[in-house]
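Chemist: Submitted below is the structure of interest, expressed as structure tokens.
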Amino acid sequence: MKATLKWREEIGIDAMRRCTDATDSDSETVRAMRDVLSVDMASGKVFVKGYDKEGRALYTVTPSKKNSDDEAAIVKSHIYALERCIACTERNTDGKEERITCIFDFSHFSRKHSYPLKIIGKVFGVLKAHYPERIHKMYFLDAPVVFRGVWTCIKPFVDPVTGSKIRFVQGKVSAAWFMVSANPFSILTRRSYTY
């Protein structure tokens, strides 16, 4: 717990939370965080929108909209979106739920959109160390074949609880099933909040 509190201070979680409300009295730290996030998130590669059937907010990543290789900015934009997603879930469920649903949409993805493994490892390392058990399900939509192959190889070594959270959704028929059964965009079934 102490390590996470220290990490939250070092990464600037407070500045992230305050950077969306611009005021003249903002500190230099808040203004700098706003600048980093506004540039890195401008493409829409990571965003929070909608809820699943149980009211968990949807954390959506669209790798084809990658606009930077700046490790610090990428990690901060994912943390910012994660913090917003958790807050939306908690507010939407009146504090009864803390987990989120992650969607990785690989439509229009190509090799040029790939992040260096170092950055991917850093983002997943942050999730593991500082946001344990915050993921309800993780959906990979139209993921390249190599992703499914790697997953098939490493799944036997992954904790069964973690492994049960990961789903691959491929093709139009599967996407239609996903939209009906997972109902990822049931915005109107719950209260909607803007953050």
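Chemist: Can you report the number of residues in the range 20-60 which are over 23 Å from Ser110 (Cβ atoms) and assigned to a loop (DSSP other than H, G, I, E, B)?
Modeler: 13
Chemist: Identify the single condition in (1) assigned to a loop (DSSP other than H, G, I, E, B); (2) at pLDDT 85 or above; (3) over 17 Å from the mean Cα position of the chain (by Cα) that Glu97 does not satisfy, given that it satisfies every other one.
Modeler: Failing condition for Glu97: (3).
Chemist: Scan the range 99-147 for residues that are among the small types (Gly, Ala, Ser) and more than 20 Å from Lys76 (Cα to Cα) and jot them down.
Modeler: Our first condition is that a residue be among the small types (Gly, Ala, Ser); within the range 99-147, this holds for 107, 110, 114, 121, 125, 129, 143.
Correct list: Ser107, Ser110, Ala143.
Chemist: What do you reckon, is Ile103 of a type outside the set (Lys, Arg), over 24 Å from Arg8 (Cα atoms) and modelled with pLDDT of 90 or more?
Modeler: Yes; evaluated as a whole, the condition is true for this residue.
Chemist: Next question. Farther than 20 Å from Asp14 by Cβ, of a type in the set (Gly, Ala, Ser) and open to solvent by 30 Å² or more (accessible area, probe 1.4 Å): is that true of Gly95 in this structure?
Modeler: Yes: the conditions hold for Gly95.
Chemist: Output the residues belonging to the range 61-75 that are over 18 Å from Ser110 (Cα atoms) and under 11 Å from the mean Cα position of the chain (by Cα).
Modeler: Matches in the range 61-75: Val75 only.
Chemist: Scan the range 41-89 residue by residue and report those that are in contact with a helix residue (DSSP H, G or I) (Cβ under 8 Å, 6 or more places away or on another chain), open to solvent by 40 Å² or more (accessible area, probe 1.4 Å) and among the aliphatic types (A, V, I, L, M).
Modeler: Selection gives Met41, Val48, Ala72.
Chemist: Taking the criterion of being under 27 Å from Tyr139 (Cβ atoms), free of Cβ contacts under 8 Å to residues at least 40 places away in the same chain and surrounded by 18 or more Cβ atoms within 10 Å (Cβ to Cβ), would at least one residue in the range 4-27 satisfy it?
Modeler: no
Chemist: Here's something else I'd like to know. Exactly one condition in (1) part of a helix (DSSP H, G or I); (2) of a type in the set (Asp, Glu); (3) in contact with a helix residue (DSSP H, G or I) (Cβ under 7 Å, 6 or more places away or on another chain) is false for Asp14; which is it?
Modeler: Unmet condition: (3).
Chemist: Okay, next question. Looking at the range 148-166, I want the residues that are within 19 Å of Thr101 (Cβ to Cβ) and have a partner that is modelled with pLDDT of 85 or more with Cβ atoms under 6 Å, at least 6 apart or on another chain. Which pairs are those?
Modeler: Gly163/Lys155; Lys165/Ile135; Lys165/Lys137; Lys165/Met138; Ile166/Met138
The values are calculated or read from the model by the stated rules, or taken from the named source; none is laboratory data. Just so we're clear, the structure is a prediction, and the values are computed from it rather than from any experiment. FYI the Cβ positions are ideal-geometry reconstructions off the backbone, even for glycines, and counts take in every protein chain you see. All accessible areas refer to the heavy atoms of the entire protein, side chains included, with ligands and DNA or RNA removed. Shrake-Rupley method; radii C 1.70, N 1.55, O 1.52, S 1.80 Å.
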